[in-house]
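Visitor: Take this structure first; my questions come after.
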Amino acid sequence: MSDTPRNAPLEHLARILRHEVADLLQGLYSVTAILQMRLPETFELEKQLVGNLKTRAEELRTHLDGLTQLTTQPTLERIEQNLTEMLRIAVERTQRQHPSLAIHYPVGPPVHVWADPARLLASCVGLVSALAEGANAVWVTCRVQGEHAWAELRREGRPATPEQLQWCEQLFPNTHFSPLALHLALAKQWLPSVGGELRVSNANNGVQVQMVLALVSSSEALK
């Protein structure tokens, strides 16, 4: 994408539009959250419809943030980040969107890695949220192996499609769009800039996504 001629006025207009849409989604989420709390219990159908609208507003806001990150050049800024905390935030946000979905996340000790803060949070939240779509269950784990940390996200119930996986190899390779494709592409784009990598595989009627990041204590030079 860096080879594409840049048009400063259009980029400025696009940034304004993204901010306006983000504000609109935030307002929609807030209003629906208030309505959901204040509607009488007898209004069961109305509360469900408002709840669904609130969930979609939150999901769209998450995916808009991912798209914004994807269309900007990755930064090379490496800051010590707590990967365990980022995954916890992602699980909590997704659980609010899908309260009936079983999301397994055993809380563990802090795992400190090198990462760009905004992109790490966007990838964690976006991937967990996207994997929750159509899932029977989601597993989120974080482990240390050698000088690297492995964030493993696994969905049971539906594998990734070939079109979604193509986004890992080339940005916007086809007209197929999905939240999972978007956030796979986002992680694939920025992880190498901090010496990390993305691994995706289908198995047992599901999909597993692994983000590998260098530990802060690693003696291995970052790429």
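Visitor: Looking only at the range 55-74, which residues are touching a Ser or Thr at 6+ places or on another chain (Cβ under 7 Å), at pLDDT below 75 and more than 27 Å from Pro106 (Cβ to Cβ)? Give the steps one after another, and end with the answer.
Guide: Within the range 55-74, the first condition is being touching a Ser or Thr at 6+ places or on another chain (Cβ under 7 Å), and the residues that meet it are 57, 59, 62, 73-74.
Okay, now just the ones that are also at pLDDT below 75, so 59, 62, 73-74.
Gln73, Pro74 - these are the residues of the range 55-74 that are touching a Ser or Thr at 6+ places or on another chain (Cβ under 7 Å), at pLDDT below 75 and more than 27 Å from Pro106 (Cβ to Cβ).
Visitor: Just give me the residues in the range 126-141 being over 12 Å from Ala151 (Cβ atoms) and β-branched (Val, Ile, Thr), in sequence order.
Guide: Val138
Visitor: For the range 185-205, check the following and say yes or no: at least one residue is in contact with an Asp or Glu (Cβ under 8 Å, 6 or more places away or on another chain), more than 17 Å from Ala118 (Cα to Cα) and not in a helix (DSSP H, G or I).
Guide: yes
Visitor: A further question on this structure: Please state which of the following conditions Leu165 fails to meet, knowing it meets all the rest: (1) assigned to a helix (DSSP H, G or I); (2) over 22 Å from Leu64 (Cβ atoms); (3) touching a residue at least 60 places away in the same chain (Cβ under 8 Å).
Guide: (3)
Visitor: Being crowded, with 17+ Cβ neighbours inside 10 Å and of a type in the set (A, V, I, L, M, F, W, C) is the filter here; which residues of the range 102-119 pass it?
Guide: Passing the criteria: Ile103, Val111, Val113, Trp114, Ala115.
So that you can scan it fast, the table gives a plain yes or no per residue for (1) farther than 19 Å from Ala90 by Cβ; (2) in contact (Cβ under 8 Å) with a residue 40 or more places away in the chain; (3) touching a His at 6+ places or on another chain (Cβ under 9 Å):
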position	(1), (2), (3)
Leu127	no, yes, yes
Glu133	no, yes, yes
Ala149	no, yes, yes
Gly157	no, yes, no
Pro173	yes, no, no
Ser178	no, yes, no
Ala185	no, yes, no
Ser201	yes, no, no
Ala214	yes, yes, yes
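The values are calculated or read from the model by the stated rules, or taken from the named source; none is laboratory data. Computed from a predicted structure; not experimentally measured. Positions of Cβ are generated from backbone atoms using ideal geometry, with glycine treated the same way; all protein chains shown enter the neighbour counts.
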